[in-house]
1. Hey, among the residues in the range 99-152 that are without any contact (Cβ under 8 Å) to a residue 40 or more places away in the chain and touching a Phe, Trp or Tyr at 6+ places or on another chain (Cβ under 8 Å), which one's farthest from residue 67 (Cα to Cα)?
2. If I filter the range 120-127 for residues that are in contact with a strand residue (DSSP E or B) (Cβ under 9 Å, 6 or more places away or on another chain), modelled with pLDDT under 95 and either open to solvent by 50 Å² or more (accessible area, probe 1.4 Å) or in a loop (DSSP other than H, G, I, E, B) (or both), do I get at least one hit?
3. Would you please name the residue that is surrounded by the fewest Cβ atoms within 10 Å (Cβ to Cβ), looking only at residues in the range 76-92 that are in contact (Cβ under 8 Å) with a residue 40 or more places away in the chain and among the small types (Gly, Ala, Ser)?
4. Scan the range 94-107 and give yes if some residue there is of a type in the set (Gly, Ala, Ser) and crowded, with 20+ Cβ neighbours inside 10 Å, otherwise no.
5. Looking at residue 147, is it among the aliphatic types (A, V, I, L, M), modelled with pLDDT of 95 or more and open to solvent by less than 40 Å² (accessible area, probe 1.4 Å)?
6. How do the pairs read when you match residues in the range 39-58 that are open to solvent by 10 Å² or more (accessible area, probe 1.4 Å) with residues anywhere that are among the acidic types (Asp, Glu) and not in a loop (DSSP other than H, G, I, E, B), using Cβ under 6 Å and keeping only pairs 6 or more apart or on different chains?
7. Can you tell me which residue is farthest from the chain's Cα centre (by Cα) among those in the range 50-69 that are within 16 Å of residue 87 (Cα to Cα) and of a type in the set (Gly, Ala, Ser)?
Amino acid sequence: MTEGEVRCLSLGDLERLAALERQQPRHWSAGQLQAALEDRDCCVLGIEVESALIGHAVVARLPFEAELQAMLVAPAMRRRGLAAALLEAVVKQCRRWGSERLLLEVRAGNVAAIALYRRAGFSEDGRRRGYYPPLDEAADAAREDALLMSRRL
């Protein structure tokens, strides 16, 4: 496992955060990331290795629950336990807020993420059929289901 330092990100991290986010096919815009950083009911956590931002998570506080809205680890840094460390930090933040449950949705085909969430105590609550557009718009692929998951805190 590679050690990473997790911290709350601020507007000063926006440029690095947007660059990291652009590493995935369907990414949040810089404007969406800025809005999350400025929202009092959101926490954007980042994980750094040797001062490089290599992962982030966006979690939103709801009245009684919290929702993991996005989580990403740079492709070259995956399979090192960094996503698990980031998810653990998300859970701690939700507990600080007093949230009763943490919600998320994930592409049904994202086997690695689903395994991570199951190991962290999440269970399946349902599906949204055909929710996500194909990752590769050029391909003639079908829309993908969203798997709804949650964990009691």
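The values are calculated or read from the model by the stated rules, or taken from the named source; none is laboratory data. As the structure is a computational prediction, the values presented were derived from the model and not from experiment. Neighbour counts are summed over all protein chains in view; Cβ atoms, including those assigned to glycine, are modelled from backbone coordinates with ideal geometry. Note: accessible area is taken over every heavy atom of the protein model, side chains too, but ligands, DNA and RNA are not part of it. Shrake-Rupley method; radii C 1.70, N 1.55, O 1.52, S 1.80 Å.
1. 143
2. Quick first cut of the range 120-127, residues in contact with a strand residue (DSSP E or B) (Cβ under 9 Å, 6 or more places away or on another chain) only: 120-127.
Filter once more, keeping what is modelled with pLDDT under 95: none.
The answer is no; no qualifying residue exists.
3. The extreme case among them is 81.
4. The answer is yes; a qualifying residue exists.
5. yes
6. Correct list of pairs: 48/5.
7. 66
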